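Peer 1: This is the structure I want to talk about, given as structure tokens.
Throughout, read-outs are computed from the coordinates displayed, never taken from laboratory work. This is a predicted model, so every value here is computed, not measured. For neighbour counting, all protein chains shown are included, and Cβ atoms are generated from backbone atoms with ideal geometry for every residue, glycine included.
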Amino acid sequence: MMPSYFFAHGAPSIVLEDNEYTRLLKSFKDHTPRPKAILLFSAHWEEPVQHIGAAESYETIYDFGGFQDELYRMTYPAKSDRMLSEYVQSTFSKHGIPSVLNVKRGLDHGAWAILKLLYPEADIPVAALSVNRTLSNEQQYNIGAALSELREQDVLIIGSGGTVHNLRRLNWRSEGVDDWAEEFDDWLQSKLEAWDTEALFQYRELAPHAQEAVPTNEHFIPLLLAMGTGDANRRAKLLHRSYQYGSLSLSCWQFH
């Protein structure tokens, strides 16, 4: 069964960087069976109802400003698989999750920056998926669980976001990590490894520095979605954790 993953996408410039985290992403395809298709939940696509990308060819969306000119010349011309998108929609329907196919929206940087590092050839069909910050944490997890059967069909499911993502607290000159960010991620790691969903669903009340680490939840949601896909076996493994600018976490979790 294909594992699922959560990847922190950091700043858009991550696609240009050379560090331990980006090297992990670039070598990912060398250590992972080639998927037939990719489902990717991006923190940067928010909708009140679950959307499923089904564009024949995805436009590259530059949903950021003030970065290197090179970023605005990059493209990721991934194709979709209409049959897969329709299968995802029918799977959601079986679990009582309303959804719609979206044939117009392209890939935002939460999707294409990660995919360009993982599979730069853009030769694997992609179904991009939206997030809804108004749902409960348990509902987010259950959306992921609804898709778990696709892992048996060699579909790679990815959540792209960030566990500690507070742009107001970034220190652009810092080369270390702020204590509060590390303490939040330490708590999170212990609950993920124990598969303590009861605590995770209440992370805002229970986790240290939760309000600072997760001022808004759209970047945290993809972690719960990816975790939900592993509900049957309930095994979580941290593959990488580092930080940029004092508190912006770059983490990778694998769910079996």
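Peer 1: Could you say whether any residue in region 234-250 is in a loop (DSSP other than H, G, I, E, B), more than 23 Å from Gly10 (Cβ to Cβ) and either under 16 Å from the mean Cα position of the chain (by Cα) or without any contact (Cβ under 8 Å) to a residue 60 or more places away in the chain (or both)? Steps first, please.
Peer 2: We begin by selecting, within region 234-250, every residue in a loop (DSSP other than H, G, I, E, B); these are 234-235, 245, 247.
From the residues that got through so far, the ones that are more than 23 Å from Gly10 (Cβ to Cβ) too are 234-235.
Then keep just the ones that are either under 16 Å from the mean Cα position of the chain (by Cα) or without any contact (Cβ under 8 Å) to a residue 60 or more places away in the chain (or both); that gives 234-235.
Yes - at least one qualifying residue is present in region 234-250.
Peer 1: Take the residues in region 50-88 that are among the charged types (D, E, K, R) and over 20 Å from Ser130 (Cβ atoms); name whichever of them is surrounded by the fewest Cβ atoms within 10 Å (Cβ to Cβ). Write out each step before concluding.
Peer 2: Applying the first criterion (among the charged types (D, E, K, R)) to region 50-88 yields 56, 59, 63, 69-70, 73, 79, 81-82, 86.
Narrowing further to those that are over 20 Å from Ser130 (Cβ atoms): 69-70, 73.
Numbers: Asp69: 6, Glu70: 10, Arg73: 9.
Top of the filtered list is Asp69.
Peer 1: If you go through region 202-216 one residue at a time, do you hit one that is surrounded by fewer than 21 Cβ atoms within 10 Å (Cβ to Cβ) and within 21 Å of Pro12 (Cβ to Cβ)?
Peer 2: Within region 202-216 (the criterion being surrounded by fewer than 21 Cβ atoms within 10 Å (Cβ to Cβ) and within 21 Å of Pro12 (Cβ to Cβ)), the answer is yes, since at least one residue qualifies.
Peer 1: Determine which member of the set Val126, Val155 is among the β-branched types (Val, Ile, Thr), out of contact with any Gly (no Cβ under 8 Å at 6 or more places or on another chain) and more than 20 Å from Val214 (Cβ to Cβ). Give the steps one after another, and end with the answer.
Peer 2: Working: Val126 fails: out of contact with any Gly (no Cβ under 8 Å at 6 or more places or on another chain).
Every option except Val155 fails the conditions.
Peer 1: Whether any residue in region 148-156 is buried (at least 22 other Cβ atoms within 10 Å of the Cβ) and in a loop (DSSP other than H, G, I, E, B) is what I want to check.
Peer 2: no
Peer 1: Do you know which residues across region 1-49 are over 18 Å from Ala128 (Cα atoms) and part of a strand (DSSP E or B)?
Peer 2: Result: no residue meets the conditions.
Peer 1: Restricting attention to region 56-80, and to residues there that are more than 20 Å from the chain's Cα centre (by Cα) and part of a loop (DSSP other than H, G, I, E, B), which single residue is nearest to Ala43 (Cα to Cα)?
Peer 2: My answer is Gly65.
Peer 1: Hey, can you tell me all the residues within region 102-142 that are in a helix (DSSP H, G or I) and either among the basic types (Lys, Arg) or over 14 Å from the mean Cα position of the chain (by Cα) (or both)?
Peer 2: Initially, region 102-142 is screened for residues in a helix (DSSP H, G or I), giving 109-118, 137-142.
Hits for region 102-142 are Lys116, Asn137, Glu138, Gln139, Asn142.
Peer 1: Would it be correct to say that Gly10 is surrounded by 13 or more Cβ atoms within 10 Å (Cβ to Cβ) and either free of Cβ contacts under 8 Å to residues at least 24 places away in the same chain or on the phi > 0 side of the Ramachandran plot (or both)? Lay out the reasoning, then the answer.
Peer 2: Numbers: surrounded by 13 or more Cβ atoms within 10 Å (Cβ to Cβ): yes; either free of Cβ contacts under 8 Å to residues at least 24 places away in the same chain or on the phi > 0 side of the Ramachandran plot (or both): yes.
When the stated conditions are applied, Gly10 passes them.
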